Amino acid sequence: MIANYKEFQGTLDKDVPDEHWPDSLKSLWYDAKGNWKASHDIAQDMHNKLGSWIHAYLHRKEGDAFNAGYWYRQAGKSFFEGTLDEEHRELLAFVLGK
């Protein structure tokens, strides 16, 4: 498993994420690769607060604040006020246990 953001960035030259990664990390990887749909498909099948948070982030990225707000509430989170990059990094740190 990767340990930090720099190592995560180093995996983005691959065609697919590591099959042993948790779905949350795979979803964030697909988002970083620019594949919103693949990321969203994974996140919406994660029926927990982390999946809801990733789902919220993705809808915020899409520009759908209303839908994002719903998913932030499902995640027990406030609507993220920082940049998308900041939220992606925060999500990644959470997934990596940092």
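For the chain, give the magnitude of the charge dipole about the Cα centre (Cβ charges: +1 Lys/Arg, -1 Asp/Glu; no others), in debye to the nearest 20.
On the way: 12 positive and 16 negative charges, 51 e Å.
Roughly 240 debye, rounded to the nearest 20.
For a test of understanding, tell me how many lysine pairs in the stretch 1-86 have Cα atoms under 18 Å apart, given they are 8 or more places apart or on different chains.
Lysine pairs satisfying the spacing and distance rule in the stretch 1-86 number 13.
Once you keep just the Cα pairs under 8 angstrom separated by 6 or more residues, what percentage relative contact order results for the chain?
With pairs under 8 Å counted, the relative contact order is 24 percent.
Report the GluC sites (Glu not before Pro) located in the stretch 1-65 that are in a DSSP loop and have at most 15 other Cβ atoms inside 10 Å of their Cβ, or state none.
Details: sites: Glu7, Glu19, Glu62; in loops: Glu19.
Answer by residue number: Glu19.
Over the chain, what per residue volume does the convex hull of the Cα atoms give, in whole Å³? List each step's numbers first, then the result.
Details: hull volume 9.2 nm³, N = 98.
Output value, Cα hull per residue: 93 Å³.
Would you work out what percent of the accessible area of the chain, with all protein chains in place, is carbon or sulfur (probe 1.4 Å)?
On the way: 2840 of 5650 Å².
Exposed carbon and sulfur together represent 50 percent of the surface.
For the stretch 1-56, what is the accessible area per residue in Å², given a 1.4 Å probe and the full set of protein chains? Please list the in-between numbers first.
On the way: 3110 Å² over 56 residues.
For the stretch 1-56, the solvent-accessible area averages 56 Å² per residue.
The values are calculated or read from the model by the stated rules, or taken from the named source; none is laboratory data. The structure displayed is predicted, hence computed values, not measured ones. Neighbour counts run over all protein chains shown; Cβ positions are idealised from the backbone, glycine included. We work out accessible area using only protein heavy atoms, side chains counted, and drop any ligands, DNA or RNA first. Shrake-Rupley method; radii C 1.70, N 1.55, O 1.52, S 1.80 Å.
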